[in-house]
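Enquirer: My structure is below; once you've seen it, I'll send some questions.
Just so you know, all these numbers are worked out from the coordinates, no wet-lab data involved. Values in this document were obtained by computation on a predicted structure and should not be read as measured data. Cβ: placed from backbone, ideal geometry, glycine included. Neighbour counts: every protein chain shown.
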Amino acid sequence: MNAETTVPKSSPRGAARPVPLFSPGRVATIASGTVTQLVRMKTFYFLLAFALVVVAVGNFNLPATPAKELSMIKKVSFGTMDLFAWLFAIVATALLLPRDQEDRTLYTILSKPVRRIEYLLGKLCGVLVVVGISLVIMYGICAVMIGARESLFVSAEIEAMTSSGRYSPEEIEEQVGLIRQQGLRPELGIAVGASFLKAAVVAGMTIFLSTFASSSLFTIIVSILLFLIGHAHTMASSFWLHSSDNSMIVQMLVKVVKILIPDFQLYSFSEGIVQGEAVVYALVGQMGLVTLGYLVVFLLLSLLVFVDKEF
Amino acid sequence: MSDLAVEVKNLTKVFALGLKKEYVVAVDNLSFEVKAGEVYGLIGPNGSGKSTTMKVVLGLMAPSKGEARVFGLDSGDIRARNEIGFLPENPYFYKHLSGAETLRFYGKLCGMRGRELENRVTELLKLVDLEGAANRRLGGYSKGMLQRIGLAQSLVQNPRLVILDEPTAGVDPIGSRQIRDLILRLRDEGYTVFLCSHLLEQVQEVCDRVGILFQGRMRREGRLEELIAIEEQTALTLEGASPELLARVHELVAAEPGAKIVSEGHPRTSLEHLFIQIAERSREAKK
């Protein structure tokens, strides 16, 4: 300890300084701290696994037409991207809150003028930034692979059709068009956006669970379980609610599950986009609003549990 | 502005154990005050309620009964946290951040930005002698270094009250002495220091007033010299006294009715003093 130095003062001390009701600056500080934490935990290493999957899929020689092969590559790549995004959102979120609690870092943060909603929002934003960056990188890897395969298929098809001498330029153009429809198109970005929205809801749900969970493992398991139920409950509820021989209790239970667990099937519209279907922008906007609604509800529920929590 | 830094009135904290409807009273009708500018020590064995009291003052826990106020503000009021710097026992910080990044992180949480924050970080790193380790991650810090960065973190927003939970726990005697010196310097510069410890010798060295907590209740409280003075005894330390002088002192005492010499011998230095002396001499010799 420096014996000569006096205790430095940044400003004169006096009456209690005001604390704003909500500070975006503090949210940003916690969010950027979370991003640094996740990056330094080397979480981006999972992108290597993703790249390996995409490269492996891209190099399969399937016994199908080029268009079908491209469609298959896209389907598997985007499916893997979606899987990695929601799984990463669960694991990253589940690690943060319980870990801060277990390590008692939360003590030092909450003993500063930080409101609990700012802490929760900061953590959630941090996770979403990392999920967003991961999706952009994964999309980049997919785009390189699909683009390379597409141009390979197109040039091979043109060469084969031209050398046979049996096809007119219009027929060749039509065939190339079919391949390009299954290739790299700007609309695929919307599918990536849908994966992000789904991962955001998953992260919101996980942050709520972690406010009362006792460990990261519990949070991860329950979140995955709820995610799977959220994927199946539309189908299950239509079966249970329309079945004539079920009791009142079952019907109520199904309704409660339907309210409590987000319907992740809503986000499956992205599968159509990947398969080359037209984008319905109104639906995309609607899904953005639904996601925002889910996030607000989960944040409010988290705050309800977290605001009076004692450490 | 209140001249009381901390005001705890009839504080009771009860914890429910599981779902069995069993309860533990951690703090029982506790009242005490910490005046602005003094060093107050709350001492007691493990489980006596020190940390619970501290957490209530910090706003991390709500009282079951009673109240805690910081500079006149309810401890649950977020403005009170702007006035408090807290060093927890075994500081818990993000191990992936460096010393400088840690101070920046906590400074930003207190609303500091730009040049003001950078200057503050530099000053505090200098104060706790961690300039050389500013860019090293906390995962590689020793226990003493963590304690020092923790202390710097507690001072980042220039609070009026510094709360220290076992500030020297696990720190070697030299580090412990440095922290003690800093606490005294904080007091000299007008900060209020509220510390919890079970290292009694250190509390004795730095505290103006002390409260002794046992099983959640305040057993004794007051100025340190009043609490530890033995009123009917007087200590006299002589230097260069000849055997003849000592004999005359003995005679004088024997002549006084009711007076007697209780103990006599050579005063000893403490092991801590001896250790620090040796360390300092070795450091000097190395230069």
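Enquirer: Using θ = phi - 60° and the Karplus relation 6.51 cos²θ - 1.76 cosθ + 1.60, list the HN-Hα couplings for segment A:107-122 in order, rounded to whole Hz, with x at every Gly or Pro.
Expert: Couplings: 4, 6, 6, 6, 7, 8, x, 10, 7, 5, 5, 5, 5, 4, 5, x Hz.
Enquirer: Right, another one. Note down the magnitude of the dipole of chain A about its Cα centre, charges +1 on Lys and Arg C-beta and -1 on Asp and Glu C-beta and zero elsewhere, to the nearest 20 debye.
Expert: Working: 23 positive and 21 negative charges, 298 e Å.
Taking the Cα centre of chain A as origin, the dipole is about 1440 debye.
Enquirer: For B:VAL162, which sequence-distant residues (separation of 5 or more, or a different chain) have an amide H within less than 5 Å of its own amide H, given hydrogens modelled in the peptide plane?
Expert: The answer is B:GLY85, B:THR192, B:VAL193, B:PHE194.
Enquirer: Now, a different point. For peptide B:182-189, what's the mean number of Cβ atoms from other chains within 10 Å of each residue's Cβ? Display every interim value, and only then the final one.
Expert: Working: counts 5, 0, 0, 5, 1, 0, 2, 5.
Per residue, the number of nearby Cβ atoms from other chains is 2 on average.
Enquirer: Could you give the spread of the C-alpha atoms of segment B:1-147 along their three principal axes, from largest to smallest, in whole angstroms?
Expert: Projected onto its principal axes, the Cα set of segment B:1-147 covers 50, 40, 25 Å.
Enquirer: While we're here: Taking the Cβ of A:SER155 as the center, what net charge do the other residues with Cβ under 15 Å away carry, scoring Lys and Arg +1 and Asp and Glu -1? Before the final figure, lay out the partial values.
Expert: On the way: positive: A:ARG149, A:ARG180; negative: A:GLU69, A:GLU150, A:GLU157, A:GLU159, A:GLU173.
With Lys, Arg at +1 and Asp, Glu at -1, the net is -3.
Enquirer: Could you size up the charge dipole of chain B around its Cα centre, putting +1 on the beta carbon of Lys and Arg and -1 on that of Asp and Glu, and report it in debye to the nearest 20?
Expert: On the way: 39 positive and 39 negative charges, 314 e Å.
The calculation lands at about 1500 debye.
Enquirer: Calculate how steeply helix B:243-255 sits against the longest principal axis of the alpha-carbon atoms of chain B, using the helix alpha-carbon long axis, and give the answer as 0 to 90 degrees to the nearest 10.
Expert: The answer is roughly 90 degrees.
Enquirer: What nm distance separates the two modelled labels at B:THR234 and B:ALA169, each placed 7 Å from Cα along Cα→Cβ?
Expert: In this crude label model, B:THR234 to B:ALA169 measures out at 4.3 nm.
Enquirer: Under a crude label model (7 Å from the Cα following the beta-carbon direction), how far is A:ALA160 from A:LEU48 in nanometres?
Expert: Between A:ALA160 and A:LEU48, the simple spin-label model gives 3.7 nm.
Enquirer: Here's something else I'd like to know. Ranking request for peptides B:59-65, A:280-286, A:96-102, B:191-197: highest mean number of other beta-carbon atoms within 10 Å first, then the rest in descending order.
Expert: Per-residue Cβ counts within 10 Å, averaged per peptide and sorted highest first, yield B:191-197, A:96-102, B:59-65, A:280-286.
Enquirer: Just the Cα atoms of chain A, one point each, no solvent: what log10 I(q)/I(0) does Debye give at q = 0.08, 0.09, 0.16 Å⁻¹?
Expert: With no solvent term, the Cα-only Debye profile gives -0.50, -0.60, -1.29.
Enquirer: 5 Å is the cut-off here: which amide hydrogens, built 1.01 Å from N in the peptide plane, fall below it relative to B:LEU213, excluding neighbours closer than 5 in sequence?
Expert: So B:LEU213 has HN proximity to B:ILE43, B:GLY44, B:ARG219.
Enquirer: Output ³J(HN,Hα) for segment B:226-234: one whole-Hz value per residue in order, computed from phi by the Karplus curve 6.51 cos²θ - 1.76 cosθ + 1.60 with θ = phi - 60°, and x for Gly and Pro.
Expert: With coefficients 6.51, -1.76 and 1.60, one gets 6, 5, 9, 6, 9, 4, 8, 10, 10 Hz.
Enquirer: Also, I was wondering about something else. Counting just the Cα atoms, what span does the protein assembly as shown cover along each of its three principal axes? Round to the nearest Å and put the largest first.
Expert: Taking max minus min along each principal axis of the Cα atoms, the protein assembly as shown gives 136, 69, 38 Å.
Enquirer: Let me ask something additional. In peptide B:59-67, what is the residue-averaged number of other protein chain Cβ atoms found within 10 Å of each Cβ? Walk me through the numbers on the way to the answer.
Expert: Working: counts 3, 7, 4, 2, 0, 0, 0, 0, 0.
That average works out to 2.
Enquirer: Continuing with this model, one more query. Provide the gained length on full extension for the span A:ILE221 to A:ILE137, in nm with one decimal, where the gain is 0.36 nm per separating residue minus the Cα-Cα distance.
Expert: On the way: separation 84, 0.36 × 84 = 30.24 nm, distance 2.67 nm.
Length gained, A:ILE221 through A:ILE137: 27.6 nm.
Enquirer: Residues of B:125-138, mean number of Cβ from any other protein chain within 10 Å of their own Cβ, rounded to a whole number? Intermediate results must be reported in sequence, preceding the final value.
Expert: Numbers: counts 1, 4, 7, 3, 4, 2, 1, 0, 0, 0, 0, 0, 1, 0.
For peptide B:125-138, the averaged partner shielding equals 2.
Enquirer: Now a separate question. What list do you get for A:ASP82, B:ASP181 if you sort them by fewest beta carbons within 10 Å? Please list the in-between numbers first.
Expert: Values: A:ASP82 24, B:ASP181 14.
The most exposed by this proxy come first: B:ASP181, A:ASP82.
Enquirer: Shifting gears a bit: Would you mind working out the magnitude of the charge dipole of the protein assembly as shown relative to its Cα centre, with +1 at each Lys and Arg C-beta and -1 at each Asp and Glu C-beta, to the nearest 20 Debye? Provide the component values of the computation, followed by the final result.
Expert: Working: 62 positive and 60 negative charges, 81 e Å.
Around 400 debye, computed over the protein assembly as shown.
Enquirer: Moving to a separate point now. Whole-Hz ³J(HN,Hα) for each residue in segment B:160-175, computed from phi via Karplus 6.51 cos²θ - 1.76 cosθ + 1.60 with θ = phi - 60°, x for glycine and proline: what do you get?
Expert: Once θ is set to phi - 60°, the couplings for segment B:160-175 become 8, 10, 10, 9, 10, 9, 6, x, 10, 4, x, 9, 5, x, 5, x Hz.
Enquirer: I'd like to compare B:81-88, B:97-104, A:265-272: which one has the highest average count of other Cβ atoms within 10 Å, and what's the full order after that? Spell out each step's value before the answer.
Expert: Values: B:81-88: 24.9, B:97-104: 23.2, A:265-272: 17.5.
Top to bottom by mean Cβ count within 10 Å: B:81-88, B:97-104, A:265-272.
Enquirer: Restricting things to Cα coordinates, could you compute the convex hull volume per residue of segment B:1-50 in Å³? Don't jump to the answer; show the numbers that get you there.
Expert: Values: hull volume 4.6 nm³, N = 50.
It is 93 Å³ per residue.
Enquirer: If you don't mind, there's one more thing I want to ask. Apply 1/(1 + (r/R0)^6) to the Cβ-Cβ distance of A:ALA56 and A:SER214, taking R0 = 45 Å, and write down the FRET efficiency to the nearest 0.05.
Expert: Values: r = 39 Å, r/R0 = 0.86.
The pair A:ALA56/A:SER214 has a calculated efficiency of 0.70.
Enquirer: Points 7 angstrom from Cα along the Cβ direction at A:ALA232 and B:ALA255: gap in nanometres?
Expert: 10.3
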